[in-house]
Structures are given as C-alpha cells and as structure tokens.
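Asker: Before we start, here is the structure in question, set down as structure tokens.
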Amino acid sequence: MKLNFSLILSIVLIGFSTLMSCQSGTVQEHKPNIILFYVDDMGWQDCSLPFHSETTRLNKIYHTPNMEALAEEGMKFTQAYAYAVCSPSRISLMTGMNGARHQVTNWTLRMNKSPDPEHKEITPPEWNMNGMSMSGDIPLTVQAITMPQLLRESGYRTIHSGKAHFGAVGTPGENPLNLGFDVNIGGHAAGGPGSYHGEYNYSAAWRNADRIWDVPGLEKYHGTSTYLSEALTLEALAEIDKAVSEEKPFYLYMAHYAIHAPWEADSSFYENYTGKDLSDFEAVYASMIEGMDKSLGDLMSKLKETGQWENTILIFMSDNGQPSQATLNKPLRGHKLLPYEGGIRVPLIVYWPGHVARGSESSQYVMVDDLFPTVLEMAGVDYRDKVNQVVDGKSFVPYLEDPELRDEDRPMFWHFPHTYDQFPYSTVRKGDWKLIYRHLDQSLELYNIRMDLSESNNLAAEETEIKKELATLLSSYLREVNAGMPILTETNKPVPYPDEVD
C-alpha cells in the first residue's frame, strides 16, 4: 500500500496543533485567580482570630468566623505591617514602593491640598498629595506601573470593588479604571463613604457633610436597606460569576470601606453586641467588623460554588491599625497614625492551595510593599523589565512555602513628616529592634519588639551602639530615596537626619 506523505504530514501537524492548544488551555485553566481582601482601619486584634500569642479581650468581643476558617485553610502572619494611614499603604501595594520613596506620605483627597493643619513649630515638606498615576504630567503625583495593570497584561480580568483612595479629585488616579482595572465598583478619590446606609444613598447629604464623600455607582441600592459592605460584595460576586463564565482568570481587589468612619451600625449584626457590657460605639464597631467578615465568607462560598476554591489565592490584610476612637489593641501601644505597633501592625492571612500548609503560622515580619512582588510571583508574572519604579517590596513566597524560614537582617522603613493629628516621625525596624525618630524635638526612641511588645521601655540611652546603627541605617535610606523632611520654624531649615543628631 502506497502511503500519501502529504496526508501523513497533515495528520501530524493537526495532532501537534491540537496538543499545543490543549496545553495552552490547561495553562489558562490553572492560572490562579487572586483575591486581595483589604480592610480599612482594622487593628491587629479587631477579630476573633488571635494574632497575639494569647487570646485578648477584643478576640472575645468580636465575631469573625470566616477569618478563622480562612486561617485554618492557610497561613497566619503574626508580624505583618502596613503604614499608619491609608493612602501610603494603598499606593505601596499597587506599586511595591516604600512610602518614603513614592512620597504619598499622608492621605489624599483634594487636588493640590494637604490635610495637614498649620503648626507653629514645623511645616511639612512638599509631598505627592495628588496620589499616583501611571502616566501624564500631573504635579505632585508618583508615576508607576501598577499590579493590576501587569496582571491585566498577563490575561487577568481585573476587578476593583470598594475603597480606592489612590489619587486626588480631578486627577486620573482618582478612577481605578486609569490604574489597570477593567471594572470599578464604588471606588473614587475619597477614603471614606458618605454613609454606609442604602437608605441614605451612601451619601453624606443626610448629615449635611461634604458630598465629596458620596460613594459613586451604586444607584441600584439607593433607598434600600442594603449596607454598603453587602452592596460591594454583591457586585463583586456578580463579577466573579462573569469572569468564570468567560473562563478568564480574575484578580479581585475587594477593598472594603469598613471599618473606617463614619461609624454606622450594620443592622444585620448590631443586636449581637447590645446588652453585653459594651458601649454603643463598641457595639457599632463590632457590627461593622462582623459585616466585613460576612463578605469574606460570601466570597469563599462563591469560590466553592463555582469550582474555583482550589484555583484561587485569597489574601486578607488591613491598611493600618485601629482608629484612636476605637478600643486599643493591647498589648500593642498606640493607634492609627502613630509609629507604634498599634498603628502599623495588622492582620495578614494567606490561602494558596498547594503551596501553603493548612493552619500554618509565620512570625516573619513582612510589609505591605511586599504584596506587589508576592502576588505577581504567585501569578507567574515577571515584572522586572516592565516597570519604571524601584520596587522596595520583597516577595514573601519563600515564607509561605516554609513557615520556619526567617530573615532578621531586612530593614523596614516608615516616614510620616506631617502634622496631621500626630507628631511627624521616621521609623526603622530591623530584627527585633525598632527606632523611632521624632522630628519635632529630634529625639530617638529604641525598643526591642520581641522583649517589649508594648513599647514601654525606651532603651535609647542604654543601647547606644544599636541606636547609632539604626539611626545610620534610617538616615541612609531617607537620603537614598530623597525623602522630604519637614521645615523647622525656628531655623527655617529641614529637620536633620537622625544620624546628624547628638
């Protein structure tokens, strides 16, 4: 029998093409979905899941069963850090840049206007008060390529739901659609909602406040009893359904406004906390936390319902510590805006099937800057030749795969040269040691975090060599990134760097 060479070649080519097509489909099918569940103003202990070595009073007050369930499925980080206020944390997770480098060092809202009040002794430096953008010539902004943009370029459907707070009103950065997102649900320039109540259209009008806080784009829920956290979740769930039906991997940035002010009771949970020896504020605050936790549970249920649970990475984190009005997260000292642990230490849970051991825990300290390289590594995206910014964050994938791994040599930096509600400062942590430099009086505070979690014993006078080492390290970094230092009224000169202070 005579063989037809052309026919055989065609069959081989068709088979090869089919094989490659199947392989390509398999890669696409198994590209992990990613949910970054980002909570606003939630302290380290504002949940029923203990992040301390022992259960605290707050763990017994709050009810967050879905956080507990997520931790049972993934890894809990007991030493995760953000910045002490929202915008710096959010710009850092989007870009991988440290706050001192991107210089969005305070919260943003109005174009070319800082929230810092006048101070008789000190004036904040010029900073990027207009937030961030990916391109253009907007003054006082940092330009960078964002995480969602890189994920979108690699095939992800990118969904934003909730609080944005990336750029000031009137700048491109106020709209998440200009920062790499395909979908924007309720995100704009403001860092808090006008109201959490659908009855008030999520608007500040009912309390005669500035309408700049009104949450956009949720008109279908106006006049209803739908709480804001629930409305944002319902819209996010619909977007997950859409991505799954299109067989496209998705990145969902579920960025709740809760539990930021205004503090308004979530009626679905408020009664759970009345009559329990709590103040009304505590009951309201607790109801908002439980409503946020319900959102987490609804997302987890949706992933299981759609068959995506085993193919989804879920990261839970907060953008800073609890506000000063809320109960302090003892044994931590301080609150939002302060350099102490209560202002910057936050909950972090990571679920990554096939990579993270169930119910595991890591005491390695990590930073919000690290989300950028970590998420991109998880997604298989090499960003190094695609960005124009210096990425300060370090991927914590190695710690996810080996919870016993430690790095005590890495320094982490904070920079808040502002007069908004607190004193201006710069901070460095390396290993167990943490140095705080107060700009007003140029004083130094030194704490051993492992031995003194409450930061009650200032060792600056005793541990002079460690103080000097950290002051030099902090000063070198501030110089490297050209961090702005505030101006002293008395001398009309910038505050000296900490290594210049006797």
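Asker: For the subset of region 256-285 comprising residues that are in a helix (DSSP H, G or I) and in contact with a helix residue (DSSP H, G or I) (Cβ under 6 Å, 6 or more places away or on another chain), which member is farthest from W206 (Cα to Cα)?
Answerer: First pass over region 256-285, keeping only residues in a helix (DSSP H, G or I): 270-273, 280-285.
Still in the list and also in contact with a helix residue (DSSP H, G or I) (Cβ under 6 Å, 6 or more places away or on another chain): 270, 273, 283.
Working: Y270: 21, Y273: 26, A283: 22 Å.
Only one residue fits best here, namely Y273.
Asker: Right, another one. Taking strands (runs of 3 or more DSSP E) that do not extend beyond region 312-373, which have at least 1 residues that are under 18 Å from the mean Cα position of the chain (by Cα) and modelled with pLDDT of 95 or more? Before the answer, list the steps.
Answerer: Details: elements: 312-318, 345-351, 360-362.
Answer list for region 312-373: 312-318, 345-351.
Asker: Of the residues H165, H188, H160, which is surrounded by 18 or more Cβ atoms within 10 Å (Cβ to Cβ), at positive phi and assigned by TED's automatic domain parsing to the domain that holds Q389?
Answerer: H165
Asker: Restricting to region 486-497, name every residue that is outside any strand (DSSP E or B) and in contact with a Lys or Arg (Cβ under 9 Å, 6 or more places away or on another chain).
Answerer: Within region 486-497, T489, Y497 qualify.
Residue by residue, here is whether (1) modelled with pLDDT of 95 or more; (2) out of contact with any Leu (no Cβ under 8 Å at 6 or more places or on another chain); (3) of a type in the set (K, R) holds:
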residue: A71; (1), (2), (3): yes, no, no
residue: I91; (1), (2), (3): yes, yes, no
residue: N106; (1), (2), (3): yes, yes, no
residue: I122; (1), (2), (3): yes, no, no
residue: M134; (1), (2), (3): no, no, no
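Asker: Let me ask you something else. Please go through region 461-484 and give me each residue that is among the aliphatic types (A, V, I, L, M) and either surrounded by 17 or more Cβ atoms within 10 Å (Cβ to Cβ) or touching a Pro at 6+ places or on another chain (Cβ under 8 Å) (or both), ordered by number. Full working, then the answer.
Answerer: Residues of region 461-484 that are among the aliphatic types (A, V, I, L, M), as a first pass: 461, 466, 470-471, 473-474, 478, 481, 483.
Matches in region 461-484: I466, L470, A471, L473, L474, L478, V481, A483.
Asker: Moving on to the next point. Just give me the residues in region 224-247 being out of contact with any strand residue (DSSP E or B) (no Cβ under 8 Å at 6 or more places or on another chain) and within 28 Å of G170 (Cα to Cα), in sequence order.
Answerer: Answer for region 224-247, where residues must be out of contact with any strand residue (DSSP E or B) (no Cβ under 8 Å at 6 or more places or on another chain) and within 28 Å of G170 (Cα to Cα): S229, A231.
Asker: Here is a further query. For L303, all conditions in the list (1) in a loop (DSSP other than H, G, I, E, B); (2) of a type in the set (A, V, I, L, M, F, W, C); (3) more than 18 Å from the chain's Cα centre (by Cα); (4) buried (at least 19 other Cβ atoms within 10 Å of the Cβ) hold save one; what is the number of the exception?
Answerer: Looking at each condition in turn, L303 falls short on (1).
Asker: Might you check whether a residue that is part of a loop (DSSP other than H, G, I, E, B), small (G, A, S) and within 21 Å of K430 (Cβ to Cβ) occurs anywhere in region 464-477? Walk me through how you get there before you give the answer.
Answerer: Pass one, region 464-477, residues part of a loop (DSSP other than H, G, I, E, B): none.
For region 464-477, residues part of a loop (DSSP other than H, G, I, E, B), small (G, A, S) and within 21 Å of K430 (Cβ to Cβ): absent.
Asker: Can you say whether L218 is within 18 Å of the chain's Cα centre (by Cα) and either surrounded by fewer than 22 Cβ atoms within 10 Å (Cβ to Cβ) or among the aliphatic types (A, V, I, L, M) (or both), as far as the supplied structure shows?
Answerer: no
Asker: Can you tell me which residues in region 203-224 are among the aliphatic types (A, V, I, L, M) and farther than 18 Å from N184 by Cα?
Answerer: A204, A205, A209
Asker: Further question: Can you name the residue in region 176-225 that is of a type in the set (F, W, Y) and in contact with a helix residue (DSSP H, G or I) (Cβ under 7 Å, 6 or more places away or on another chain) and is also farthest from K248 (Cα to Cα) among such residues? Reasoning before the result, please.
Answerer: Taking region 176-225 and keeping what is of a type in the set (F, W, Y), we get 181, 196, 200, 202, 206, 213, 221.
From the residues that got through so far, the ones that are in contact with a helix residue (DSSP H, G or I) (Cβ under 7 Å, 6 or more places away or on another chain) too are 181, 196, 200, 202, 206, 221.
Values: F181: 15, Y196: 32, Y200: 36, Y202: 32, W206: 41, Y221: 28 Å.
Of everything passing the filter in region 176-225, W206 is farthest from K248 (Cα to Cα).
Asker: What is the number of the single condition among (1) in contact with a Phe, Trp or Tyr (Cβ under 9 Å, 6 or more places away or on another chain); (2) under 25 Å from I259 (Cα atoms) that A168 does not meet?
Answerer: Going through (1) in contact with a Phe, Trp or Tyr (Cβ under 9 Å, 6 or more places away or on another chain); (2) under 25 Å from I259 (Cα atoms) one by one, A168 breaks only (1).
Asker: Being assigned by TED's automatic domain parsing to the domain that holds I145, surrounded by 20 or more Cβ atoms within 10 Å (Cβ to Cβ), touching a helix residue (DSSP H, G or I) at 6+ places or on another chain (Cβ under 8 Å) and within 30 Å of V495 (Cβ to Cβ) narrows it down to one of V390, V368, V375, V428, so name that one.
Answerer: Of V390, V368, V375, V428, the one residue that is assigned by TED's automatic domain parsing to the domain that holds I145, surrounded by 20 or more Cβ atoms within 10 Å (Cβ to Cβ), touching a helix residue (DSSP H, G or I) at 6+ places or on another chain (Cβ under 8 Å) and within 30 Å of V495 (Cβ to Cβ) is V368.
Asker: Would a scan of region 400-407 turn up a residue that is closer than 30 Å to D293 by Cα, in a strand (DSSP E or B) and over 20 Å from the mean Cα position of the chain (by Cα)?
Answerer: No - not one qualifying residue is present in region 400-407.
Asker: Moving to a separate point now. Which numbered condition in (1) crowded, with 24+ Cβ neighbours inside 10 Å; (2) in a helix (DSSP H, G or I) is the only one that L150 fails?
Answerer: It is condition (1) that L150 fails.
Asker: For the subset of region 91-111 comprising residues that are in a helix (DSSP H, G or I) and of a type in the set (S, T, N, Q), which member is surrounded by the fewest Cβ atoms within 10 Å (Cβ to Cβ)?
Answerer: Quick first cut of region 91-111, residues in a helix (DSSP H, G or I) only: 91-95, 99-102.
Okay, now just the ones that are also of a type in the set (S, T, N, Q), so 92, 95.
Numbers: S92: 26, T95: 29.
Filtering first and then ranking leaves S92.
Asker: Looking only at region 438-452, decide whether some residue is crowded, with 22+ Cβ neighbours inside 10 Å, more than 21 Å from W44 (Cα to Cα) and either basic (K, R) or under 22 Å from the mean Cα position of the chain (by Cα) (or both).
Answerer: Looking through region 438-452, none of the residues is crowded, with 22+ Cβ neighbours inside 10 Å, more than 21 Å from W44 (Cα to Cα) and either basic (K, R) or under 22 Å from the mean Cα position of the chain (by Cα) (or both).
Asker: Working only within region 40-69, note down all residues that are closer than 21 Å to L337 by Cα, touching a Cys at 6+ places or on another chain (Cβ under 9 Å) and assigned to a loop (DSSP other than H, G, I, E, B).
Answerer: Hits for region 40-69 are D40, D41.
Asker: Taking the residues in region 115-147 that are free of Cβ contacts under 8 Å to residues at least 40 places away in the same chain and not charged (D, E, K, R) as candidates, determine which candidate is surrounded by the most Cβ atoms within 10 Å (Cβ to Cβ).
Answerer: Among them, the one singled out is T141.
Asker: Moving to a separate point now. Taking S203 and the conditions (1) farther than 23 Å from S87 by Cα; (2) surrounded by fewer than 19 Cβ atoms within 10 Å (Cβ to Cβ); (3) not aromatic (F, W, Y), which numbered condition does it fall short on, given that it satisfies the others?
Answerer: (1)
Asker: Taking into account only those residues within region 277-300 that are free of Cβ contacts under 8 Å to residues at least 60 places away in the same chain and surrounded by fewer than 17 Cβ atoms within 10 Å (Cβ to Cβ), which is nearest to K336 (Cα to Cα)?
Answerer: F281
The values are calculated or read from the model by the stated rules, or taken from the named source; none is laboratory data. These figures come from a predicted structure and were not determined experimentally. No Cβ is skipped: glycine too gets one built from the backbone with ideal geometry, and neighbour counts run over all protein chains shown.
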